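Student: Dumping the structure here so I can ask a few things about it.
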């Protein structure tokens, strides 16, 4: 059993409470991990139609994935089991002579289970590494991560999906002066949002096959972001992000730990 | 204040020119089908909410949403002689209709998943840059189903909707209550300039603008009345978490910049305000349950 050992202090962007809650559960920060990616999506042709722009959606998705994979590689170097509190920052898309350039930064804290100092009955808990010895990634806070473990689940991976749509402004001429639903627009926005949601699971099913050890049970904390690109015409991007979770491994002593029945409390912090 | 063409019952899509497209978009169908086949749920619940919803005996099924892009042409109505304000009935109707369309589509998605209800419903307004007076209403929530197959659908046989968080939902269920619907009421009121300027005493002193107060009061009461009507049709016992908001959206009653010397356009064009109330209608379903004991705690999560 490898002993978690560090020769220098580990950086982390955990809050004090997160740090305490994690260390109480036997996890220690291994270091702040960062991955970046600058992506040129090429020239996008503005067709003046209401349609999806698959190249752009693909580029946005690819850039995010690259940033996350680099962050994961760094976590692996630190000998971590996974990354918590991942934040994905997007530096605004710039148009460089018709080219769309996007910068992504993924930033989180790599953590590892400290077997030497963990409670006796958890000392032989299996590692939370994914298949292929890859650290997990998640946007969970330290508290969320510990609560999830206590309920018998573990994080697997960040789930991400993007879709970019172009919207034809000339359709508005059909509706001049009326108070009506603009059905073509409703459909376009709806499709764009659903497209982003749809892709959320696409990669996940490929990276973690259904019968594999990391087959996800679900995705929690999904947020859908909308970003309007105002270059030429009207382009709207939706990106969905969440954390895929799965049940703990068979032999894990934490597996049968039921979440204690919640009690109702009156917080005294105000 | 005169009520607009908008009696007690809330408007129905049938009464409107555009029928609601009952088919969900292509991607929505694909996603819902996939979610049912692969048994993988998606949800915008936080970890704590997710676990509490499970603890309350429900399985999250998936994130559901609906939206409606609506063009709203603001027009200043004629205020009848001797009145201080008037409801703009067709605008109340349009804003209600647009929200209703978004919520119905979300409900359709939930029905498709075989849900008993939707928790954590958020109703959002997006104002898009591509046209004037265009609003998008969007409803998002997490569809849930009771783990033991007990039906929690409402009096209309539809999945219930509620804007309660996972924590609130757990507390409500533990106390023997359950949500039956996300209910809302609205009223768009027009306040003409003379009401905004009407004062009875000397203008050098601060004083209540009694007529303006009255118009807003009236509009709020109308909106709340409509909310109650919706809750009654669901046989609810009460409504929790009611919020009353005043919204101006983006229309404005006239062109800015034509105002008096102080530059306040409302003094020349009047004000167009929507009073909007929402809440979750609940009923008691298990009189045997009572709220668990309450403890005091000092949270350390800051």
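Student: Pairs, please: C-beta under 6 Å, at least 6 apart or cross-chain, first residue modelled with pLDDT under 70 and in the range B:196-223, second assigned to a helix (DSSP H, G or I) and surrounded by 13 or more Cβ atoms within 10 Å (Cβ to Cβ)?
Tutor: Short answer, once both residue conditions are applied: B:198/B:211.
Student: Restricting the search to the range B:65-107, which residues are surrounded by 20 or more Cβ atoms within 10 Å (Cβ to Cβ), assigned to a helix (DSSP H, G or I) and either free of Cβ contacts under 8 Å to residues at least 12 places away in the same chain or more than 10 Å from chain A (Cβ to nearest Cβ) (or both)?
Tutor: Residues satisfying the conditions are B:92, B:96, B:99, B:100, B:103, B:106, B:107.
Student: While we're looking at this one, here's another question. Return the residues of the range A:143-168 that are part of a helix (DSSP H, G or I) and in contact with a strand residue (DSSP E or B) (Cβ under 6 Å, 6 or more places away or on another chain); say none if nothing qualifies.
Tutor: Matches in the range A:143-168: A:145 only.
Student: Please work out which one of (1) at the interface with another protein chain (Cβ under 8 Å from one of its Cβ atoms); (2) free of Cβ contacts under 8 Å to residues at least 60 places away in the same chain; (3) at negative phi; (4) more than 17 Å from the chain's Cα centre (by Cα) is the condition residue A:174 fails and give its number.
Tutor: Going through (1) at the interface with another protein chain (Cβ under 8 Å from one of its Cβ atoms); (2) free of Cβ contacts under 8 Å to residues at least 60 places away in the same chain; (3) at negative phi; (4) more than 17 Å from the chain's Cα centre (by Cα) one by one, residue A:174 breaks only (1).
Student: Take the residues of the range B:30-53 that are over 20 Å from residue A:142 (Cα atoms) and out of contact with any helix residue (DSSP H, G or I) (no Cβ under 9 Å at 6 or more places or on another chain): which is farthest from the other protein chains (Cβ to nearest Cβ)?
Tutor: That would be B:37.
Student: So, of the residues in the range A:196-232 that are buried (at least 18 other Cβ atoms within 10 Å of the Cβ) and closer than 15 Å to residue B:138 by Cβ, which turns out to be farthest from the other protein chains (Cβ to nearest Cβ)?
Tutor: The extreme case among them is A:196.
The values are calculated or read from the model by the stated rules, or taken from the named source; none is laboratory data. Just so it is clear, the structure is predicted and the values come from calculations on it, not from any experiment. No Cβ is skipped: glycine too gets one built from the backbone with ideal geometry, and neighbour counts run over all protein chains shown.
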